[in-house]
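Notes follow the structure.
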Amino acid sequence: MQRDPKYKEIVRFVEERIRCGELGIGDRIPSVNAFRIRFKISRSSIFLAMDELKSRGIIESEPAVGYYVRSTNIEVQEKILLLFNEFNAFKEELYLSFLDAIGSDASVDIMFHHYDRRVFETLLREVDGRYTSYVLMPGKFRGLAPMLDRLRGRVFLLDHFQDDLRGRYPAVGQDFDCDTYDALVKGLPQIRKYDTLILVQHEAKEPEERYDGLRRFADEFGFNSLLVPTVGEDDLHRGVVYLTANDRELVNLIKMADRKHMQIGQDFGILSYNDTPLKEVLCGGIATLSTDFRQMGRTMASLILDTSPSLTIPTLRNRWLFLPRKSL
């Protein structure tokens, strides 16, 4: 039977003193030297105990004061930071499914960096050591490994991240190239009546890999393909499937179709990324290719809760869904 590391004795000691009422919020806990003498363990082991208690939000420290009790909620075993790129309808689904799956023994905070690397790095520096686990959406940021390696807590990657981080931290993400290709293959019977596929995408935050998958599909099955930043009034043509990466372009296409008396799903098609309840009913139903954000939240929670030893660092590909609707 595997024994707990020695520093866990200090963690249990502090928990028990809180549980029986000897320590309350604001009370100082014994010093490092007092713990060293009492438990006969090294200072480094004591600091491991302090780091765990701090990351769970139970204690805090101040220069010239020492360590004191910050919270008496000792039932929280995991204190988790979710650092998202933005909050929208489908990220809300991810967040809520994660909360449901992670359980009541965990405390979860959420922050946003809005695709700003300076904000991303500043937030992580400010919260370093305050959480047991950090669930991060770094997107296109490169060269983050030295900073993430220094974080005092476990690091997990979510949704979209660069290849230089792959295999360094447990991750649940999308393969935008393969997922776009696979989704289009599933939709081939509906797409056959068109001759051209155009990806409408211009924001720097969006993954370029989407077009790699679209182009590979088009080459294999005999379609024309194009990547454009937006669609103007003179750019709306019959026989084209427009793949929209954001809802503004989707609304723009719908308005132009109305003005030009063109029928969506007949004269041209629309295929939108990231499904939402609104797209189920808009214009009789907008076809979507989308990852399953609810499943992504559940899978990330299972990675955090799984503490069994592993010889590999998992990178799990979250499944995608192709939802054919009237717009094709």
Looking only at the range 160-181, decide whether some residue is assigned to a helix (DSSP H, G or I) and over 27 Å from the mean Cα position of the chain (by Cα).
no
Would you mind telling me which numbered condition in (1) in contact with an Asp or Glu (Cβ under 8 Å, 6 or more places away or on another chain); (2) modelled with pLDDT under 95; (3) under 30 Å from residue 49 (Cβ atoms) residue 147 fails?
(2)
Hey, residue 27 hits all of (1) farther than 30 Å from residue 161 by Cα; (2) surrounded by 16 or more Cβ atoms within 10 Å (Cβ to Cβ); (3) touching a strand residue (DSSP E or B) at 6+ places or on another chain (Cβ under 6 Å) but one; which does it fall short on?
(2)
Of the residues that make up the range 298-312, is at least one modelled with pLDDT under 95, among the β-branched types (Val, Ile, Thr), surrounded by fewer than 18 Cβ atoms within 10 Å (Cβ to Cβ) and over 15 Å from the mean Cα position of the chain (by Cα)?
yes
Residues being touching a helix residue (DSSP H, G or I) at 6+ places or on another chain (Cβ under 6 Å) and more than 24 Å from residue 138 (Cα to Cα) - total across the range 181-213
2
Among the residues of the range 19-64, which ones are part of a loop (DSSP other than H, G, I, E, B), among the small types (Gly, Ala, Ser) and closer than 10 Å to residue 7 by Cα?
42
For residue 298, which of the numbered conditions (1) assigned by TED's automatic domain parsing to the domain that holds residue 88; (2) within 16 Å of residue 187 (Cβ to Cβ); (3) charged (D, E, K, R) fails to hold?
(2)
Taking residue 259 as the residue in question, decide whether it is in contact (Cβ under 8 Å) with a residue 60 or more places away in the chain and of a type in the set (Lys, Arg).
no
Of the numbered conditions (1) touching a His at 6+ places or on another chain (Cβ under 8 Å); (2) surrounded by fewer than 20 Cβ atoms within 10 Å (Cβ to Cβ), residue 176 satisfies every one except a single condition; which is it?
(2)
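The values are calculated or read from the model by the stated rules, or taken from the named source; none is laboratory data. Here the structure is a predicted model, which means the values were calculated and not measured. So basically every Cβ, Gly included, is an ideal-geometry build from the backbone, and we count neighbours across all protein chains shown.
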